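The values are calculated or read from the model by the stated rules, or taken from the named source; none is laboratory data. Worth saying up front: this structure is predicted, and the values here are computed from it rather than measured. For neighbour counting, all protein chains shown are included, and Cβ atoms are generated from backbone atoms with ideal geometry for every residue, glycine included. Heavy atoms of the whole protein, side chains included, go into the accessibility calculation; ligands, DNA and RNA do not. Shrake-Rupley method; radii C 1.70, N 1.55, O 1.52, S 1.80 Å.
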Amino acid sequence: MMNCEERQVNISAMLDGELSGQELIETVSHLSECQACMKEFRRFQSLQSLIEEETSIPEAPPGLWDRISQAVPQKPVAKIIPLRTKFIKIASIAAALLIFFGLGYFMRKPTLTILEDPNSPIVLASDRGSMDDDQFLTLTRELLSSDPEYHRRMYFILHTLQADYWEGTYEPPETNEQGNSPQLMQTDATNDNNDRNIYRF
Amino acid sequence: MDWESIYQKHSRGIYQYLLNMSGNSHDAEDLLQETFIKAMKSEAALREPDRIHSWLMTISRNLFLDLYKKKMRRNTSTAGNFSDGMMEIPAEQVNPERNAVLSDFRSKLLQAMGELSETYRTAFTLSILQKHSYREIGEITGWTPAMVKINVFRARRKIATVLVEFRG
């Protein structure tokens, strides 16, 4: 059984909003029965009211921040870059790298010097990332059909790449039925055994 | 971290705490400055950014306790300043118009606080003046929940005895 001193500890906590549950119920119940504790409760309440009415929080001294910031030079705060801006930046860097290495590859001396049939369709095996079939094919079609010369060169590059790196699964390109002008022929997307799609243009 | 924003948000509460604890604006200002300099230099130690206020308050309390101990050793304790009625009323509080109404209560409050031990003054300032939760007070002081509860009660009772009777 709690004595009044212990009850008054709880009365103080109750005024601070720190009492709940059974303790709160018992404290309120005790207050209704004990005049001494009720008197203490009222005294605490009066103090609370006086403080709230008559005290204010002083302002920190003016100019203090300037002295602090001079004493500890701050590193510039990192800006929060929106996700879209970040994506555009990353995509730009990736594109620049692709162009750089692509040009480097294009301008190097080819390892495969004999181009059997420049009008043959391009066979492209690609890890196309998050693009679905339609997106990938549309993009590739646009690239290849925009410039016949580009098509020819792409064929050359990819043919060389296949010859160099795609061991064992290389399929000879089919003949372009439309004659000498290299252009988009047909599209055929299939899954090969290596879980990569093959596209013919 | 954007320390200027953090300063703008938290400096006032910390300054009030330091002013109540030290009893004079000169020490409070020095301690506030030291608090932020120390915090900025050791920001890597802040593990929970959500609790930055408690962390800053802990730093300021530790700095105050260091100063308090030094003053005690030199026998010119801060508590002595309080009990001799030498506690300085901050400039903001000596506005003549408001002062006419408030000075009696405030000077009595400051005097009563000066008569409290450092422990009860801390409990009173953090709980009743600044309305920190008991959990936050525990974080700042390292007291257990039971210690927080009893220290706040005893501080409240001592101050109530002086002030409520003063007001009638």
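Odds and ends about this structure:
- Scanning region B:93-105 for residues that are at pLDDT below 90, of a type outside the set (A, V, I, L, M), closer than 19 Å to B:Leu18 by Cβ and surrounded by 15 or more Cβ atoms within 10 Å (Cβ to Cβ) turns up at least one hit.
- Extreme residue, modelled with the highest pLDDT, among residues of region B:22-32 that are at the interface with chain A (Cβ under 8 Å from one of its Cβ atoms) and open to solvent by less than 40 Å² (accessible area, probe 1.4 Å): B:Leu32
- Taken over region A:23-66, the criterion of being more than 7 Å from chain B (Cβ to nearest Cβ), open to solvent by 50 Å² or more (accessible area, probe 1.4 Å) and closer than 30 Å to B:Asp2 by Cβ is satisfied by A:Pro62, A:Asp66.
Quick grid of which residues meet (1) under 30 Å from B:Asp104 (Cα atoms); (2) at pLDDT 70 or above; (3) in a helix (DSSP H, G or I):
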residue	(1), (2), (3)
A:Ala36	yes, yes, yes
A:Leu47	yes, yes, yes
A:Pro62	yes, yes, no
A:Pro73	no, yes, no
A:Pro76	no, no, no
A:Ile81	no, no, no
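- Residues in region B:155-168 that are open to solvent by 10 Å² or more (accessible area, probe 1.4 Å), touching a helix residue (DSSP H, G or I) at 6+ places or on another chain (Cβ under 6 Å) and not aromatic (Phe, Trp, Tyr): B:Val162, B:Val164.
- Selection count where residues are open to solvent by 50 Å² or more (accessible area, probe 1.4 Å) and not in a helix (DSSP H, G or I), scope region B:33-59: 2
- Residue match in region B:8-21 (condition: facing another protein chain (nearest Cβ under 9 Å) and open to solvent by 80 Å² or more (accessible area, probe 1.4 Å)): yes
- Flag for A:Glu53 being without any contact (Cβ under 8 Å) to a residue 40 or more places away in the chain, under 25 Å from B:Phe105 (Cβ atoms) and not aliphatic (A, V, I, L, M): yes
- Qualifying residues in region B:109-150 (those that are within 12 Å of chain A (Cβ to nearest Cβ) and among the basic types (Lys, Arg)) - the one most open to solvent (accessible area, probe 1.4 Å): B:Arg135
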